[in-house]
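Nothing in this text is a laboratory measurement; each read-out follows from the coordinates by a stated rule. Here the structure is a predicted model, which means the values were calculated and not measured. FYI the Cβ positions are ideal-geometry reconstructions off the backbone, even for glycines, and counts take in every protein chain you see.
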Amino acid sequence: MNRSVLVLLLVAVVLSSCQQKKQAQSSESKENLASYQEAFRPQYHFTPESNWMNDPNGLVYENGTYHLFYQYYPEDIVWGPMHWGHAVSKDLISWEHLPIALFPDELGYIFSGSAVLDQENSSGLGSEEHPPLIAVYTYHDPKGAEEGAADFQYQGLAYSLDHGLSWKKYHQNPIIPNTNALKDFRDPKVFWNTQLQAWTIALVAGDHLQLWKSNNLLDWEFLSEFGRDQGAHGGVWECPDIFEMEIEGSQQKKWVVLISINPGAPNGGSGTQYFVGDFDGTTFTTDQKTTKWIDLGTDNYAGVTYNGTEGQRLFIGWMSNWSYALKTPTKKWRSAMTLPRVLSLTSVNGDYVLSSYPVEAVQSIVDQQGERSFEVPTKASKTISDHSLSQSKIAFKANNSFDLKFQNKKGEVLLISVSNPTARIEINRSNSGVVDFSEQFFSVMEADFMNQTQNEFELFIDKSSLELFINKGARVMTLRVFNTEDFESLEFENTSDSVLEVNALSISPIQGIWN
């Protein structure tokens with residue numbers, strides 16, 4: 001065969017192969033993108049590509065990247081043998097899915113935990129040039145649990161020398177064995193304790209918090225415990241966190257402890273309480289008399305904060321509730337994460353309030369629209385039509401009492417009722433769409449808030465979720481809503497005896513993050 005003809009044939013084959021590869025990649029990309037258009041799939045919240053997800057794990061910022069690990073079962077859309085799923089982001093908004101980070105092994109399933117950069121290589125598992133990322137997690141032995149043993153949970157460690165892309169289990173796991181046969185001994189949160197100049201782990205043991213310390217992340221000794229007689233105890237304590245915060249407007253600092261509990265939340269099922277107090281490096285104490293909740297909606301659970309973000313305390317929660325999480329009406333995937341939030345601590349009349357508010361980067365995907373103001377006479381209403389309601393940020397200020405109704409052509413209604421001057425809010429999702437998948441899908445949730453002359457309301461609505469921030473996050477309510485068509489109208493109904501003033505109303509579409 002003529003050499004030039006042969007070359008032409010080879011070129012044609014290579015071009016054909018490249019074209020086929022591009023077509024295959026394009027087809028796969030379109031398939032993945034199409035999956036993110038399925039019913040109830042959030043468009044700007046993190047969700048797994050497929051299958052089951054619950055607690056956020058190993059939140060750590062390292063090498064310019066935010067890591068989000070999470071409880072994951074890759075075989076089904078219900079809970080199963082737990083792995084650590086993995087995603088990364090440069091801005092906490094757009095996420096890249098990565099391969100599974102941690103798999104179950106002979107010691108058990110990989111339950112919740114945390115991650116930290118061992119910058120000084122105190123563990124000896126890396127080097128000065130390549131300090132290791134350290135993941136500390138709970139092993140759950142399913143055989144021991146099934147047989148009724150009490151010591152089926154204990155703490156393990158894995159490390160990465162390539163910025164979290166691959167992981168190796170520590171060869172002498174477990175690093176904290178369950179020598180006292182404590183049931184529900186889990187969810188370690190590791191941090192650098194400047195007061196002791198040592199590593200510290202917070203973990204839970206049934207109904208209370210334990211603190212442990214180590215110089216090398218490998219050998220641990222017990223320090224203290226907290227909470228046997230404080231806080232809510234309607235269920236098992238889970239997913240602890242402990243960190244120091246400066247009180248806004250002052251130079252005073254306090255320590256905050258987060259504890260998730262299931263069941264026992266004020267609106268049913270799962271919720272996360274917080275304590276504000278003091279930590280001397282060994283023991284946490286608080287004078288707090290009442291139980292406080294980081295979110296009074298029904299769908300913010302197991303939330304923890306990032307390690308490695310100096311100057312900001314960043315929080316992500318699991319946007320679901322164990323009372324019905326296994327039954328929510330999705331087909332390919334199940335569960336979502338909340339928007340990433342910045343935590344802040346304020347003192348109000350001698351009482352400490354932990355606020356949470358979406359990170360600034362969220363505004364980069366909000367197509368900010370113009371504002372309008374209007375008045376609604378007593379016992380009257382005003383309806384606004386907008387096709388972007390189900391993927392938008394809605395912001396406004398209002399006085400008096402009013403009902404806010406989201407409605408679609410199918411007659412599905414999400415009702416938010418604000419009562420002044422009692423400063424109470426009620427959200428009713430009983431007629432909001434698909435609600436019959438579980439008898440435990442709580443229809444009505446209530447909360448109080450700190451009243452102002454004009455209260456500021458910001459609602460982030462995505463497919464199947466609502467996050468409501470009142471007065472910059474001093475009160476937050478997060479919930480799932482499974483309306484079967486997009487909401488198209490927003491009605492303000494004045495339920496007070498005087499004119500309702502609605503100021504600075506904006507309805508701003510939010511861009512999707514998966515395309």
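Quick notes on this one:
- For the chain, the share of DSSP beta bridges that are antiparallel, to the nearest 5, is 95%.
- Segment 346-425 versus segment 99-149: alpha-carbon centroid distance in Å: 42 Å
- The tail of the calculated P(r) for segment 189-245, taken as Cα-Cα distances beyond 19 Å, holds 30 percent of the pairs.
- Dimensionless Rg/Rh of the chain - Kirkwood Rh, Rg from C-alpha atoms: 1.01
- Diffusion coefficient of segment 367-509 by Stokes-Einstein, Kirkwood radius over Cα pairs, 4 °C, 1.567 mPa s: 85 µm²/s.
- Relative contact order of segment 367-509, defined on C-alpha pairs under 8 angstrom at six or more residues apart (%): 46 percent
- Over all other residues within a Cβ to Cβ distance under 14 Å of Asn494, the charged ones net out to -3, with Lys and Arg as +1 and Asp and Glu as -1.
- Mean shadow area of segment 32-124 over all directions, Cα convex hull, nm²: 7.3 nm²
- Placing one equal scatterer on every Cα of segment 250-308 and applying the Debye formula, the log10 ratio I(q)/I(0) at q = 0.20, 0.23, 0.29 Å⁻¹ is -0.83, -0.98, -1.17.
- For Lys332, the lysines whose Cα falls under 17 Å of its own Cα, not counting residues fewer than eight places away in the same chain, are Lys30, Lys463.
- Normalised convex hull volume, segment 207-365, alpha-carbon set, Å³ per residue: 161 Å³
- Taking other residues whose beta carbon is less than 14 angstrom from the beta carbon of Val204, and scoring Lys, Arg as +1 and Asp, Glu as -1, yields -3.
- Around Lys292: net Lys/Arg minus Asp/Glu count, Cβ-Cβ under 14 Å: -1
- Convex hull of alpha carbon positions in segment 197-284: directionally averaged projected area 6.6 nm².
- Within a straight-line Cα-Cα reach of under 25 Å, Lys253 can be paired with the following lysines, leaving aside sequence neighbours fewer than 8 residues apart in one chain: Lys189, Lys213, Lys289, Lys292, Lys472.
- Farthest towards the positive end of the charge dipole of segment 36-358, among the residues Trp84, Gly164, Pro177, is the Cα of Trp84, using unit charges on the Cβ of Lys, Arg, Asp and Glu.
- Gap separating the Cα centres of segment 296-335 and segment 474-515, nearest whole Å: 21 Å
- Relative contact order (%) - criterion: Cα under 8 Å, at least six apart; region: the chain: 13 percent
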